[in-house]
Amino acid sequence: MSSASDASPSRRALLGGLAVGTTAVVAAPAVAPAAQAATRYHPAHYRGAPPLLSAQARHLVGRFSYGVTPQVAAQVRRMGGAQGWFDRQLDPASIADQGADQYLAWWPSLVRGPAELWKRQITEVEGGWEVMNDYSRWVLMRRMKSRRQLLEVMTEFWENHLNVPAVGDAQYTHRTSYGNTIRAGALGRFDDLLRNAVTHPAMLIYLDNAVSTATHPNENLGRELLELHTVGRASYTEDDVKSSARILTGWTVDLWRTWAPAYRPSIHWTGPVSVAGFEDANLAPDGRDLTRRYLSHLAHHPATAQRIARKLAVKFVRDDPPQDLVDRLAQVYLDHDTAIVPVLRALVASAAFEDSVGAKVRDPGEDIVATYRALGVRLQPPTSERSAVNQMLWQASSIGLMPFTWPRPDGQPIDNASWSSPARALASMGVHYGMSGSWWPDEQIHYRGRRAWAPEYPIRFDQLVDALSQRILHLRSTPALLEACCEATGTPPDARITRNHPVIKWEMPRLLTTFLDSPAFLTR
């Protein structure tokens, strides 16, 4: 049996089209091998699979989910097409999702209150980092199993935009509640989401507003609110930052004792404030209504509209979205009182979205979730550190970043270049190969049997490749993909595959990982 390092130069060239690298960089080296493959390899058509979604339907569903599985494709067909699926996903309350909720029971500490969590840490029963690792696992399970895929995608988007890292000896006490708050508002109005996030105890602790007082205002939250969460760097002054911090004084948390959030008028700074067009005499000791009006002003600011519109376009269209699309989305945002759903509808209706098929690279967390979904593995409650659901975090870390550990308030990057490097490619290949072989993780996990991947026996190898392409990638096979599969397994296209053929007995991990390492899988 050959090893990965034995792969022939031609196979390396074929896989050189991996989506790791900017899309342009990715596409370039694959052109010549693809053209050569077209003259030598002719894909078969396996006709026993359910019909595929159209290219645009796959694009829409793939961009707003964690992978187009056969189950998701069936949902799309039942809803009359991708637009019907998208419309339904925009109303998550209409989709039953008890299956995703049940996983919360796997990690009991996620429902404990902040005071209890802190007591368990200082008495060395359970560290905060352990609870937060479990939070990350629970969220990955939700992304993997939830039928409300678009809600999970948008929750990830906002948790990143309003980033509060899960790591941290103080904010972890409220971090699960913070994530639930974001999920509850992910498809509502940004005005409400911003207010609920900025005044949440997790955010107050992380950006030091919990220790900000009238006599010693701390500027961290007031500054990041302007720079990262709303108007952006060019739209405020240092005087604005001072007023922003003063407005937010009064919101605090009883640190290191009860961890109870509170509003204390006695520590609220009073006096005139002026921030980016917001003016107020600020005479009342209770500044909660002032905070509400201030945050609403920022949420409705044209610079915020541009910032939110651009970030959505970068996440869901491409890294360099056209300015006319950003302008249009910003106007929709303002016209609908900062509501997110109309902006998403306008985004997917744009020509730029239609033209952006395959233009976004999956980040480490998206890669892990999509791989578990594509391989159809079943997970069981964790019983040890080796349990698969525990290992998911280390797999994501090996690819580039463990979920919710980006330490800065700007959130992890959402551009392609940040997740495109040879090291990332090799790490993804390692994870894909380990799972394709059912080797790692290996506890509390059920993989499909190798023989179960072939839809029937006997079957020609080129038909098997097409069947797997339809199942894993939701695409027909191509000459380049067929050639890569032939090279990976040392099998000619016309080989007759039986239950005991070497491809089934020995080469199935190489065959499966060829699909998972392909550009079609590593992009969304």
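Here are the numbers:
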item	result
Subset of the stretch 404-452 [open to solvent by less than 30 Å² (accessible area, probe 1.4 Å) and assigned to a helix (DSSP H, G or I)]	419, 424, 425, 427, 428, 431, 432, 434, 435, 436
Test: residue in the stretch 236-250 that is in contact with an Asp or Glu (Cβ under 8 Å, 6 or more places away or on another chain), touching a residue at least 24 places away in the same chain (Cβ under 8 Å) and closer than 30 Å to residue 119 by Cα	yes
Single residue of 352, 313, 396 found to be within 24 Å of residue 227 (Cα to Cα), small (Gly, Ala, Ser) and not in a loop (DSSP other than H, G, I, E, B)	313
In the stretch 453-474, residue surrounded by the fewest Cβ atoms within 10 Å (Cβ to Cβ) [restricted to those that are assigned to a helix (DSSP H, G or I) and of a type in the set (D, E, K, R)]	471
Flag if residue 483 is over 27 Å from the mean Cα position of the chain (by Cα), of a type in the set (Asp, Glu) and surrounded by fewer than 20 Cβ atoms within 10 Å (Cβ to Cβ)	no
Any chance residue 207 is closer than 19 Å to residue 267 by Cα, in contact with a Lys or Arg (Cβ under 9 Å, 6 or more places away or on another chain) and among the hydrophobic types (A, V, I, L, M, F, W, C)	yes
Matching residues in the stretch 444-472 - criterion: being farther than 18 Å from residue 507 by Cβ and more than 25 Å from the chain's Cα centre (by Cα)	456
Positions within the stretch 316-349 being assigned to a helix (DSSP H, G or I) and of a type outside the set (A, V, I, L, M), in sequence order	316, 323, 324, 327, 328, 331, 333, 335, 342, 345
Sole exception among (1) under 24 Å from residue 102 (Cβ atoms); (2) modelled with pLDDT of 95 or more for residue 411, by number	(1)
Residue match in the stretch 36-51 (condition: assigned to a helix (DSSP H, G or I), among the small types (Gly, Ala, Ser) and at pLDDT 65 or above)	yes
Residue, nearest to residue 212 (Cα to Cα), within the stretch 236-281, restricted to residues that are open to solvent by 50 Å² or more (accessible area, probe 1.4 Å) and part of a helix (DSSP H, G or I)	246
Residue within the stretch 282-297 that is open to solvent by 60 Å² or more (accessible area, probe 1.4 Å), touching a residue at least 40 places away in the same chain (Cβ under 8 Å) and touching a helix residue (DSSP H, G or I) at 6+ places or on another chain (Cβ under 9 Å) present	yes
Residue within the stretch 109-120 that is touching a residue at least 12 places away in the same chain (Cβ under 8 Å), among the acidic types (Asp, Glu) and either open to solvent by 60 Å² or more (accessible area, probe 1.4 Å) or more than 24 Å from residue 260 (Cβ to Cβ) (or both) present	no
Complete set of residues in the stretch 168-190 that are closer than 22 Å to residue 305 by Cα, part of a helix (DSSP H, G or I) and open to solvent by 10 Å² or more (accessible area, probe 1.4 Å)	181, 183, 184, 185
Subset of the stretch 282-303 (residues that are under 19 Å from residue 200 (Cβ atoms) and part of a helix (DSSP H, G or I))	288, 289, 290, 291, 292, 293, 294, 295, 296, 298, 299
Any chance residue 138 is closer than 27 Å to residue 256 by Cα, open to solvent by 30 Å² or more (accessible area, probe 1.4 Å) and not polar (S, T, N, Q)	no
Which listed residue is surrounded by 15 or more Cβ atoms within 10 Å (Cβ to Cβ), at pLDDT 95 or above and closer than 30 Å to residue 188 by Cα, from 71, 75	75
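The values are calculated or read from the model by the stated rules, or taken from the named source; none is laboratory data. None of these values were measured; they are calculated from a predicted model. Heads up, the Cβs are rebuilt from the backbone with ideal geometry, glycines too, and the neighbour counts pull from every protein chain shown. To get the accessible areas, we keep the full protein, side chains included, count just its heavy atoms, and leave off ligands, DNA and RNA. Shrake-Rupley method; radii C 1.70, N 1.55, O 1.52, S 1.80 Å.
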